[in-house]
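Data block below; observations after.
Values in this text are rule-based calculations from the coordinates and carry no lab data. Keep in mind that what you see is a predicted model, and the values were worked out from it rather than measured. For neighbour counting, all protein chains shown are included, and Cβ atoms are generated from backbone atoms with ideal geometry for every residue, glycine included.
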């Protein structure tokens, strides 16, 4: 677990939570009961973190994982979930860019005012 915590910037509590909630599956344990994460687990951790970081609720991730486990018959449903989430993320990015433009404008105005006040002195 230490390697995952250190290299993926995720806490042990988060990893345990993902397992408890059923969104991180098939984590092996060694003879001492310590978790052993394989490449597939690492891919899932990165994917879950991407979804969480972009606002997908745990319940939706659980729904996705459940569909994934049902196999290829759910491919279209999973694709639709990802397309919908992608649209939501893109809308949020666009909104954030608008806010960034407004903030940048304010910063530019302050810089202009600073420059003008220095010229007066």
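Rounded, prolate or oblate: which one fits region 74-114, using the alpha carbon gyration tensor with axes a ≥ b ≥ c (rounded when a/c is under 1.5, else prolate when a/b beats b/c, else oblate)?
prolate
Test of understanding: ordering 48, 4 by Cβ neighbours within 10 Å, fewest first, what list do you get?
Listed from fewest to most nearby Cβ atoms, that is 4, 48.
Please work out how much length the chain gains when fully extended from residue 99 to residue 72, using 0.36 nm per residue of separation minus the C-alpha to C-alpha distance, in nm with one decimal.
On the way: separation 27, 0.36 × 27 = 9.72 nm, distance 4.05 nm.
Difference between extended and current length: 5.7 nm.
So how do 118, 16 line up by other beta-carbon neighbours within 10 Å, fewest first?
The most exposed by this proxy come first: 118, 16.
For the chain, just say rounded, prolate or oblate: build the C-alpha gyration tensor, square-root its eigenvalues into a ≥ b ≥ c, call rounded for a/c under 1.5, and beyond that prolate if a/b exceeds b/c, oblate if not.
Note, shape of the chain comes out oblate.
For the pair residue 88 and residue 62, what calculated FRET efficiency results from E = 1/(1 + (r/R0)^6), where r is the Cβ-Cβ distance and R0 = 25 Å, to the nearest 0.05?
Efficiency at R0 = 25 Å is approximately 0.90.
Where does each of 5, 107, 65 land when they are ranked from fewest to most other beta-carbon atoms within 10 angstrom?
Details: 5 14, 107 10, 65 20.
Least to most surrounded, the residues fall as 107, 5, 65.
Give me the one-decimal nm value for the distance between modelled label points at residue 21 and residue 6, 7 Å along each residue's Cα-to-Cβ direction.
Modelled inter-label distance: 2.7 nm.
Remind me, relative contact order of the chain in percent, using alpha carbon pairs under 8 angstrom and six or more residues apart?
For the chain, the relative contact order is 15 percent.
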